[in-house]
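Peer 1: Sharing a structure here in structure tokens format.
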Amino acid sequence: MGLYFTELRRSMEYLALDERVVFLGQAVAVKGTSMTTTLENVSPSKRIEMPVTEEMQMGISVGLALNGSIPVTMYPRWNFLLLAVNQVVNHLDKLKKMSNGGYQPKAIIRVGIGSERPLSPQCQHLGDFTEAFRLMCENIEIIRLEEPEDIFPAYKKALERTDGMSTIVVEYGDYYSEK
Amino acid sequence: MTAQDLIQFENEIADLFKAKQIKAVIHLYSGGEEHMLKVFEGITPEDWVMCSWRSHYQCLLKGVPKDELKAEILAGRSIALCFPKYRIVSSGIVGGILPIALGVALGIKRSGGTNHVHCFLGDMTSETGIAHECIKYSQNFNLPITFHVEDNRLSVCTDTRTTWGKAELTFELGAPKVEFSKYVTGKYPHAGSGERIQF
């Protein structure tokens, strides 16, 4: 693993220091994806393993945020996040407007662009819908992690922001080992 | 708050709608008042109330002052009323509020809280995939939440039982975390006041 992975792991350790933060998704508390390994130094008590139910996971994330937590909700592929679009676009993004600013749920969505090397997962796992989501969302910023030095500042901003926005952080699967 | 108070409020809103004072969609209750009053006997100010597009009764019974609620409706926000001070969240999307309510309940349990989440949904919503996922999860993890299914047999004008090809709904005979009630829709249709208004 290269600096890209190391910075991701350092960022997750930093997020975990905040008592409000909780991590959830598939292969969060158990092994299973490259994202999992970035949580290896995070306490199991802060990791919630979810069944495969993408929309419910995102809705739970919104609810946790309304109740005072900061969920780090993980989707290893953009294509998987498509199954949670209702909660992202119609709810997480709109609750601020629906409540006249009264509710400002803050969530951190980790999403990955599937790695193509050495094995291609084919077209259903290689989606990159950054621009589409930017067009659909007003209160969610999308940050792409192009270089290792982008990673820690992005997650620090996502955690500490006070502008009532949530953050989608886009990771590149190939860069975990290439950068 | 009495059943007559609830009915009178909806009638006032209907009159405002007919007078073209509300430039947005409204969904009015008509029926089920006594049951709703009974449900709210067990709801405390610290509890969360999560609703769909029809939520005027819940807002009033959770403590939102009539004038405050009416102002929000006049401002065009009847379809997804949210009142953080009263811990009310609503969504105009079918099934949209259910996993959010589940997340609030999960947060309460993880933090050791003693309050409760009450999530209201209709009969058609209760048959959706997201409802089944959320109810199953809440049961298996014993989360502090109750799903209140309000069954008027219809989704807008579509008969829930006919379209699913079943005479009895999944949660009709009761289930853990689910409270099922039936009512007959009165004078107001799914949306609007029941009269054609030319805006």
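Bear in mind these aren't lab numbers, they're just calculated from the coordinates by the rules spelled out. This one's a predicted model, so the numbers in the text were calculated from it and none came from an experiment. Every residue, glycine as well, gets a Cβ built from its backbone with ideal geometry; the counts of neighbours run over all protein chains shown.
Peer 1: Can you give me the long-range amide H partners of residue A:21? Hydrogens built in the peptide plane at 1.01 Å from N, cutoff under 5 Å, separation of 5 or more residues or another chain.
Peer 2: Result for residue A:21 returns A:70.
Peer 1: Choose one answer from B:18, B:62, B:85: the residue with the largest mean-square fluctuation in a GNM of chain B with alpha-carbon springs under 10 Å.
Peer 2: B:85
Peer 1: Considering chain A as a Gaussian network with a 10 Å cut-off on Cα pairs, which listed residue, A:163, A:150, A:128, attains the greatest mean-square fluctuation?
Peer 2: A:163
Peer 1: Which cross-chain or sequence-distant (5 or more) residues have an amide H under 5 Å from the amide H of residue B:152, H modelled 1.01 Å from N in plane?
Peer 2: B:123, B:183
Peer 1: Between residue B:154 and residue B:41, how many nm apart are label points set 7 Å from Cα along the C-beta direction?
Peer 2: The two pseudo-label positions are separated by 3.0 nm.
Peer 1: Of B:55, B:82, B:105, which is farthest on the positive side of the dipole of segment B:28-110, counting Cα position, with +1 on Lys and Arg Cβ, -1 on Asp and Glu Cβ, and the Cα centre as origin?
Peer 2: Towards the positive end, the residue furthest out is B:105.
Peer 1: Pop a pseudo-label 7 angstrom from the Cα along the beta-carbon direction at both residue A:117 and residue B:140 and give the gap in nm to one decimal.
Peer 2: Modelled inter-label distance: 3.9 nm.
Peer 1: ³J(HN,Hα) across segment B:145-151 via Karplus (A = 6.51, B = -1.76, C = 1.60, θ = phi - 60°), whole Hz, x for Gly/Pro?
Peer 2: So the Karplus estimates, Gly and Pro as x, are 8, 10, 9, 9, 8, 9, 9 Hz.
Peer 1: Moving on. Classify segment A:1-140 as rounded, prolate or oblate, taking a ≥ b ≥ c as the square roots of the eigenvalues of its Cα gyration tensor: rounded when a/c is under 1.5, otherwise prolate if a/b is larger than b/c and oblate if not.
Peer 2: Here segment A:1-140 falls in the oblate category.
Peer 1: Hey, what did chain A get for relative contact order, percent, Cα under 8 Å, at least 6 apart? Each step should come with its number before you reach the end.
Peer 2: Numbers: 329 pairs, mean separation 48.3, N = 179.
Once divided by the residue count of chain A, the mean separation gives 27 percent.
Peer 1: Give me the distance in nm between label points sitting 7 Å out from Cα along the Cα-to-Cβ direction at residue A:138 and residue A:45, one decimal.
Peer 2: 4.0 nm
Peer 1: Still on this structure, I have one more. Would you mind calculating the relative contact order of chain B from Cα pairs under 8 angstrom and at least 6 residues apart, reporting the percent as a whole number?
Peer 2: Here the relative contact order equals 24 percent.
Peer 1: Which ³J(HN,Hα) values in Hz, rounded to whole numbers, follow from the phi angles of segment B:153-159 under the Karplus curve 6.51 cos²θ - 1.76 cosθ + 1.60, where θ = phi - 60° and Gly and Pro get x?
Peer 2: 6, 10, 10, 6, 10, 8, 6
Peer 1: Output ³J(HN,Hα) for segment A:19-36: one whole-Hz value per residue in order, computed from phi by the Karplus curve 6.51 cos²θ - 1.76 cosθ + 1.60 with θ = phi - 60°, and x for Gly and Pro.
Peer 2: Values per residue, Gly and Pro as x: 5, 7, 7, 9, 9, 8, x, 7, 6, 9, 9, 10, 5, x, 9, 4, 4, 3 Hz.
Peer 1: Further question on the same structure: Decide, for chain B, between rounded, prolate and oblate: order the square roots of the alpha carbon gyration tensor eigenvalues as a ≥ b ≥ c, take rounded if a/c falls under 1.5, and otherwise choose prolate if a/b is larger than b/c, else oblate.
Peer 2: Oblate.
Peer 1: Separate question: Multiply the residue separation of residue B:21 and residue B:173 by 0.36 nm, subtract the distance between their alpha-carbon atoms, and state the gained length in nm to one decimal.
Peer 2: Between residue B:21 and residue B:173, full extension yields an extra 50.5 nm.
Peer 1: Averaged across B:146-153, how many Cβ atoms of other chains sit within 10 Å of each residue's Cβ atom?
Peer 2: Per residue, the average neighbour count from other chains is 0.
Peer 1: Can you compute the helix-only [θ] at 222 nm over chain A? Use -39500 (n - 2.57) per DSSP H run of at least 4 residues, normalise by all residues, nearest 500 deg cm²/dmol.
Peer 2: -9500 deg cm²/dmol
Peer 1: Pop the C-beta distance of residue A:83 and residue B:12 into the FRET formula with R0 = 35 Å and round what comes out to the nearest 0.05. Walk me through the numbers on the way to the answer.
Peer 2: Working: r = 42 Å, r/R0 = 1.20.
About 0.25, to the nearest 0.05.
Peer 1: May I pose another question? Would you mind checking which residues have amide H under 5 Å from residue A:109's amide H? H placed 1.01 Å from N; only 5 or more apart, or other chain.
Peer 2: Those lying under 5 Å, H to H, from residue A:109 are A:73, A:167, A:168, A:169.
Peer 1: Could I ask something else about it? Excluding same-chain residues fewer than 8 positions from residue B:187, which aspartates and glutamates have a Cα within less than 12 Å of its Cα?
Peer 2: The qualifying aspartates and glutamates are B:10, B:195.
Peer 1: Under 28 Å between alpha carbons: how many lysine pairs meet that in segment B:1-145, if sequence neighbours fewer than 8 apart on the same chain are excluded?
Peer 2: Qualifying lysine pairs in segment B:1-145: 24.
Peer 1: I would also like to ask the following. Starting from segment B:20-51, pick out the trypsin sites (Lys or Arg not before Pro) whose DSSP state is loop and whose Cβ has at most 14 other Cβ atoms within 10 Å.
Peer 2: Sites meeting the loop and neighbour criteria: B:20, B:23.
Peer 1: Summing -39500 (n - 2.57) over the DSSP H runs of n ≥ 4 in chain B and dividing by its residue number, what mean residue ellipticity at 222 nm do you reach, to the nearest 500 deg cm²/dmol? Write out the running numbers ahead of the final one.
Peer 2: Values: 8 runs with 75 residues, N = 199.
Computed mean residue ellipticity for chain B: -11000 deg cm²/dmol.
Peer 1: Any idea what the relative contact order of segment B:1-116 is, in percent, if you count C-alpha pairs under 8 Å spaced at least 6 apart?
Peer 2: 27 percent
Peer 1: Over every pair of different alpha-carbon atoms in segment A:119-179, take the mean of 1/r and invert it; report that Kirkwood radius in Å.
Peer 2: 13.1 Å
Peer 1: Would you please classify the overall shape of segment A:38-84 from the alpha carbon gyration tensor, given that a ≥ b ≥ c denote the square roots of the eigenvalues, rounded means a/c under 1.5, and beyond that prolate means a/b larger than b/c while oblate covers the rest?
Peer 2: On the way: a/c = 2.07, a/b = 1.18, b/c = 1.76.
Cα axes put segment A:38-84 in the oblate bin.
Peer 1: Taking each residue of B:89-96 in turn, how many C-beta atoms of other protein chains fall within 10 Å of its C-beta, and what is the average?
Peer 2: Per residue, the average neighbour count from other chains is 5.
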